[in-house]
Amino acid sequence: MYETILFDLDGTLTDPGAGITNSVAYALNHFDIVVKDKTELYKFIGPPLQESFEQYYKFSPKQAKAAVEYYREYYRDKGIFENLVYEGIEDLLKAIFDSKRQMIVATSKPELFARKILEHFGLAKYFSYIAGANMDGTRTKKNEVITYALEKCKVDDYTKVVMIGDREHDVIGAGKVGIDTIGVLFGYGDFEELKRAGASYIVENVEDIYTIIFGDADM
């Protein structure tokens, strides 16, 4: 039975599609790059931003760092709230909370932004800790965030910990730390991505998470 459940934020607790793609498009405009179809920018949801600008647009580290700053110009005032809580998520969080299990958020998003989002939607109260990246670009890799979160909450029995996320970065990061993972398909990853990354479980919807957390799934 899992006693500590870690949740990714973007694509797992909330659907940040509009806010993130609008923010990325705003940043790219400063480099004279215009993206007409913003669904092309969904690949930015989940991974660390600087890595994504370098990978997808071949930016130098210096350019990518500047792009992140432009991104935040839009995101901190507008994009942060262009966001929706997935249907059924709050009911799931309440059920886990009522069962006396510990929940922690582990996101590559800056911790400051993650806290604002969860407070805005009234979800912060369910979590023992909200862990994220630093604003200076450090602690962005998912394994670093997970390790930090578990240390903050003094969790030492990793056999009773599971990470829930929608992208390979969540699964790979959790694997490096040595904890189980639940990959969700209602976010921005797909089955092949999560399977290839080595997810312990892959679920289609929020309801399927109940089965695993509350011990009715085959291990």
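Dividing the summed -39500 (n - 2.57) terms of all DSSP H runs of n ≥ 4 by the residue count of the chain sets its mean residue ellipticity at 222 nm at -12500 deg cm²/dmol. With 10 Å bins beginning at zero, the pair-distance distribution over Cα atoms of segment 101-219 amounts to 14, 44, 38, 5, 0 %.
With 20 Å as the limit on Cα-Cα distance, the pairs of LYS78/LYS116; LYS65/LYS195; LYS43/LYS125 that go past it are LYS65/LYS195; LYS43/LYS125.
Tell me the carbon and sulfur percent of the accessible area for the chain, rounded to whole percent, probe radius 1.4 Å. Mind showing how you got there, number by number?
On the way: 4980 of 10370 Å².
Ligands and nucleic acids excluded, carbon and sulfur give 48 percent.
Close amide H contacts of LEU6 (hydrogens built in the peptide plane, cut-off under 5 Å, sequence separation of 5 or more or a different chain): ILE104, VAL162, MET163, ILE164. Rolled with a 1.4 Å probe across the full set of protein chains, the surface gives LYS38 an accessible area near 80 Å². The chymotrypsin sites (Phe, Trp or Tyr not before Pro) of segment 129-219 meeting both criteria, a DSSP state outside H, G, I, E and B (loop) and at most 15 other C-beta atoms within 10 angstrom of the site's C-beta, are PHE214. Between the C-alpha center of segment 126-168 and that of segment 48-100 there is a gap of 15 Å.
Residue farthest toward the positive end of the dipole of the chain, with Cβ of Lys/Arg at +1 and Asp/Glu at -1: which of LEU28, TYR201, MET103? About the Cα centre, the residue reaching furthest to the positive side is LEU28. Report, for the chain, the % of DSSP beta bridges that are antiparallel, rounded to 5. Beta bridges within the chain, antiparallel portion: roughly 10 percent. Annotation: ASP32 carries an accessible surface of approximately 140 Å², with a 1.4 Å probe and no ligand, DNA or RNA atoms counted.
What order do ILE172, ILE89 take when sorted by accessible area (1.4 Å probe), most exposed first?
Details: ILE172 75, ILE89 0 Å².
So the residues, ranked largest to smallest area, are ILE172, ILE89.
Just the Cα atoms of segment 35-109, one point each, no solvent: what log10 I(q)/I(0) does Debye give at q = 0.14 Å⁻¹? Ignoring solvent entirely, the Cα scatterers give -0.64. Estimated at the nearest 10 Å², the accessible area of GLU192 is 110 Å² with a 1.4 Å probe. In the set (i) 1.07; (ii) 0.98; (iii) 0.93, the label that goes with Cα Rg over 2.2 N^0.38 Å computed for this structure is (ii). The charge dipole of the chain, taken about its Cα centre with unit charges on the Cβ of Lys, Arg, Asp and Glu (plus for the first two, minus for the last two), comes to roughly 820 debye.
The values are calculated or read from the model by the stated rules, or taken from the named source; none is laboratory data. Note that this is a predicted model, so its numbers are computed, not measured. So basically every Cβ, Gly included, is an ideal-geometry build from the backbone, and we count neighbours across all protein chains shown. Areas reflect the complete protein model, heavy atoms only, side chains present, ligands, DNA and RNA absent. Shrake-Rupley method; radii C 1.70, N 1.55, O 1.52, S 1.80 Å.
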